[in-house]
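The values are calculated or read from the model by the stated rules, or taken from the named source; none is laboratory data. Predicted, not measured: the structure shown is a model, and the values here were computed from it. Cβ sites come from the backbone with ideal geometry, for glycine too, and all protein chains shown count toward neighbours.
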Amino acid sequence: MAGVTVIALAAAMVLAWAGPTSGASRYTRLLATSAGQDTLKNLALWEDERVTDDGKLFEYLRSSSALVRLRTTEVIGRLQDPADVPRLIPLLSDPDIEVRRAAFFALGQIASSEAAEALETLSTRTRAEDLALIIEALGKIGGKDVSEFLAALLHDFHADVRGATALALARAADDVSLNPLLLAVHDPDPNVVWRVVYALEKVPSVRVGPKVRPLLASDDALTRAHAARTLGKQKDEDAVSVLAGALADADPRVVVNAARALGEIGDDDAVHPLGETLARHPSHHARGAAAAALGGIGSKKGKDYLVQAIMDRSAGVRAEAITALAAVLGEDAAIFCDQALRDGSRYVRAAAVEAMGASGAKERLEALTRVAERDDDALMRAAAIRGLARVDDERVTPFLRARLAEEDWVVVTEVVNALGEREAREATSELIALYAARRARVDANIRLAVLAALERFAAPEAAPLAAEALQDEDRRVRAAGQTLLAAVGMPASPPREREINEAHFDRSRRRSLAPPLGVRRAVIACAHGEIEIELFGDDAPQVVNNFIQLAKSGFYDGLAFHRVVPNFVVQGGCPRGDGWGDAGAFVRSEFNRHHYDTGAIGIAHDGKDTGGSQFFITLSAQPHLDGRYTLFGRVLSGMDVVWKIDQGDTFTVRILE
């Protein structure tokens with residue numbers, strides 16, 4: 001490797017780097033030599049520690065190996081520091097096409113306007129496939145000047161370019177793009193049209209509805225689905241009748257989006273069509289969306305449909321129905337909440353407890369406090385706290401303050417959130433003391449909730465705590481501390497993330513990191529069948545390795561899909577079953593160039609670098625997730641099984657060697 005000294009960090013790391021893996025890694029040539037392995041080890045360590053090691057990382061950009069330059073560029077993109085843009089711009093002219101593509105993506109992830117001119121200039125002499133990547137990067141950078149530049153590309157000869165442009169304009173979401181997008185709904189390629197319609201949902205305008213309504217009759221199901229979604233986002237009241245008609249569509253994606261749209265518009269005329277969908281549609285996704293929409297409309301005309309739905313065969317539908325009944329009936333929903341508390345699904349019972357509070361039924365206050373204090377299931381206690389937050393009774397705040405002594409960190413987080421929502425300024429000193437006392441890794445969620453509550457209170461006595469938060473190891477806490485300081489009139493900037501990471505970087509620290517793993521495969525099995533998946537072990541090696549090791553250890557066996565969102569995702573892998581848990585450690589985000597199409601598998605997180613054991617599978621394309629959640633695999637077969645998964649269904653994972 002010419003021009004780069006192999007740095008002697010590799011020996012300090014515990015890794016299973018034994019050469020090429022069975023998954024045909026793109027880095028096979030590097031893994032075949034000790035020097036190449038050392039280079040990859042150093043890059044993996046710096047990426048994981050989010051450091052450059054005082055700039056040693058950048059030396060690898062001068063390597064004669066395109067693979068080394070590619071991997072280095074990927075690391076820089078994941079650091080996401082605007083200071084690195086000048087180092088990436090020269091790579092736009094790298095002799096290797098894959099290095100150039102990595103540079104496009106990295107510049108988009110950093111999203112600095114400093115890169116816009118270079119990308120725009122390069123776009124005029126780039127082939128279509130690469131132009132689409134440049135357009136994606138420009139969309140992430142955004143700004144009106146960029147939007148004006150991109151709008152012209154909606155007329156490009158290549159459909160891939162036009163489609164990428166529409167998604168880029170969706171990210172920009174400004175009115176500069178409105179006229180070009182309205183014209184582009186007539187594009188001859190349906191794969192462009194649905195993306196254009198998706199972009200139009202981001203630009204509020206009364207001109208959108210008349211252009212999009214006719215697309216509910218398109219021959220292309222994705223176009224119909226996105227037309228329904230956009231009409232809802234635009235709250236197009238003139239679309240109620242055509243959306244109601246779309247509830248009879250043969251494609252459940254269209255039905256789900258039409259139901260949601262009707263709920264967002266909130267017209268009583270939609271109640272009966274939604275009720276019939278709730279009562280009769282074969283897909284639990286469609287029934288769940290219809291129940292939620294009836295709750296959104298809030299008309300008592302929907303009562304009978306919802307009462308029947310609390311006996312639906314799907315736990316997810318029953319949970320949506322009891323939540324909707326609270327919105328429709330208010331205090332009169334309490335009797336149905338009592339009934340749902342006997343449901344066999346803990347998710348339905350938790351929804352009933354929360355709905356009991358949302359209904360405003362003060363006569364159920366004692367029942368709520370009893371669950372919050374005594375239930376053995378933390379999911380139920382947390383739901384009771386969320387319900388209590390909605391009850392207008394002077395006894396609630398003192399009760400919540402007493403529950404700050406709860407041991408479970410999730411429940412405590414919900415207590416703090418509830419105190420913030422109720423603007424319980426009298427709890428300020430207790431919250432400050434709680435912040436100091438809860439220092440475990442998972443307690444970062446408590447500290448974040450405390451900072452958010454104190455921000456709402458604009459409590460000046462919280463300024464020292466906020467200043468302390470600026471030095472926290474968790475970047476989310478640092479950002480919340482900065483926001484709190486601004487709220488109390490003492491604006492300050494936290495240290496740059498890189499400065500903190502470099503200061504804490506221990507070159508002797510022993511780290512267990514995986515090499516590039518190539519393509520691996522696994523099977524997720526549940527009661528409905530098997531889902532065969534492919535894992536991207538080169539593009540997200542630490543996430544894939546974490547998933548493989550957890551699966552081999554039996555960690556996933558018997559866990560539930562705790563979250564099922566119609567036509568969006570199914571999500572599982574939480575050992576608590578409530579969406580808050582993980583396997584005991586965070587895994588760094590490994591954002592990459594894969595797109596969240598149907599069947600993409602991503603890692604759930606609560607901010608960058610907070611992923612762990614929880615993963616999700618997309619039920620349809622979700623462009624807004626691209627570059628924001630680590631995409632580490634895709635479904636090869638079994639999407640029909642994915643669509644059958646209901647909230648609470650359990651699963652196992654088997655790695656195919």
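Restricting the first member to the stretch 177-189 and to residues that are assigned to a loop (DSSP other than H, G, I, E, B), and the second to residues that are surrounded by fewer than 21 Cβ atoms within 10 Å (Cβ to Cβ) and not basic (Lys, Arg), the beta-carbon pairs closer than 9 Å and six or more apart or on different chains are Val185/Pro214; Asp187/Ala159; Pro188/Ala159; Asp189/Ala159.
For the stretch 513-539, the tally of residues that are in contact with a Leu (Cβ under 9 Å, 6 or more places away or on another chain) and over 19 Å from Gly36 (Cα atoms) stands at 11.
For the stretch 503-523, residues that are at negative phi and modelled with pLDDT of 90 or more total 10.
Which ones in the stretch 245-298 are assigned to a helix (DSSP H, G or I) and hydroxyl-bearing (Ser, Thr, Tyr)? Within the stretch 245-298, Thr277 is the sole residue that qualifies. Would you confirm, using the coordinates I've provided, whether Ala83 is touching a residue at least 12 places away in the same chain (Cβ under 8 Å), part of a helix (DSSP H, G or I), over 29 Å from Glu497 (Cα atoms) and not charged (D, E, K, R)? No, not satisfied. Among the residues here, Asp174 does not qualify as surrounded by fewer than 21 Cβ atoms within 10 Å (Cβ to Cβ) and farther than 19 Å from Ser113 by Cβ.
Tell me the residue from Ile385, Ile335 that is surrounded by 23 or more Cβ atoms within 10 Å (Cβ to Cβ), outside the structural domain of Trp409 (by TED's automatic domain parsing) and either in a helix (DSSP H, G or I) or at negative phi (or both), please. Going through Ile385, Ile335 in turn, the sole match is Ile385.
Where residues in the stretch 355-378 are of a type in the set (Gly, Ala, Ser) and not in a helix (DSSP H, G or I), which of them is nearest to the chain's Cα centre (by Cα)? Filtering first and then ranking leaves Ser359. With respect to (1) modelled with pLDDT of 95 or more; (2) farther than 21 Å from Arg496 by Cβ; (3) assigned to a helix (DSSP H, G or I), the lone exception for Ala11 is condition (1). Residues in the stretch 467-485 that are within 27 Å of the chain's Cα centre (by Cα) and assigned to a helix (DSSP H, G or I): Ala469, Arg475, Arg476, Val477, Arg478, Ala479, Ala480, Gly481, Gln482, Thr483, Leu484.
Within the stretch 569-588, can you find the residues that are of a type in the set (Phe, Trp, Tyr) and more than 16 Å from Val410 (Cα to Cα)? Of everything in the stretch 569-588, just one residue is of a type in the set (Phe, Trp, Tyr) and more than 16 Å from Val410 (Cα to Cα), namely Phe586. Residues that are within 16 Å of Asp94 (Cβ to Cβ) and in contact (Cβ under 8 Å) with a residue 24 or more places away in the chain within the stretch 112-128 comprise Ala115, Ala118, Leu119, Leu122, listed in sequence order. If I ask for residues that are assigned to a loop (DSSP other than H, G, I, E, B) and not polar (S, T, N, Q), which ones from the stretch 117-149 would you list? Listed by number, the residues that qualify are Arg125, Arg127, Gly142, Gly143. Please indicate, with yes or no, whether at least one residue in the stretch 415-435 is charged (D, E, K, R), part of a loop (DSSP other than H, G, I, E, B), farther than 26 Å from Arg346 by Cβ and modelled with pLDDT of 95 or more. Yes, the stretch 415-435 contains at least one residue that is charged (D, E, K, R), part of a loop (DSSP other than H, G, I, E, B), farther than 26 Å from Arg346 by Cβ and modelled with pLDDT of 95 or more.
When the stretch 19-72 is filtered for residues that are basic (Lys, Arg) and surrounded by 22 or more Cβ atoms within 10 Å (Cβ to Cβ), the ones remaining, listed by number, are Lys41, Arg50, Arg69, Arg71. The number of residues in the stretch 426-458 being touching a residue at least 40 places away in the same chain (Cβ under 8 Å) and either under 17 Å from Ala389 (Cα atoms) or aromatic (Phe, Trp, Tyr) (or both) comes to 0.
Identification of strands (runs of 3 or more DSSP E) wholly contained in the stretch 580-657 with 3 or more residues that are within 16 Å of Leu559 (Cα to Cα) yields 615-618, 650-656. Within the stretch 463-474, is even one residue buried (at least 16 other Cβ atoms within 10 Å of the Cβ), over 22 Å from Gln80 (Cα atoms) and touching an Asp or Glu at 6+ places or on another chain (Cβ under 7 Å)? Looking through the stretch 463-474, none of the residues is buried (at least 16 other Cβ atoms within 10 Å of the Cβ), over 22 Å from Gln80 (Cα atoms) and touching an Asp or Glu at 6+ places or on another chain (Cβ under 7 Å).
A count restricted to the stretch 145-167 and to residues that are more than 13 Å from Arg195 (Cβ to Cβ) and in contact with an Asp or Glu (Cβ under 7 Å, 6 or more places away or on another chain) stands at 2.
Of all residues in the stretch 511-557, those being among the charged types (D, E, K, R), assigned to a loop (DSSP other than H, G, I, E, B) and surrounded by 18 or more Cβ atoms within 10 Å (Cβ to Cβ) number 2. Within the stretch 480-508, if we keep just the residues that are more than 16 Å from Pro82 (Cβ to Cβ) and of a type in the set (Gly, Ala, Ser), the residue that is surrounded by the most Cβ atoms within 10 Å (Cβ to Cβ) turns out to be Gly481.
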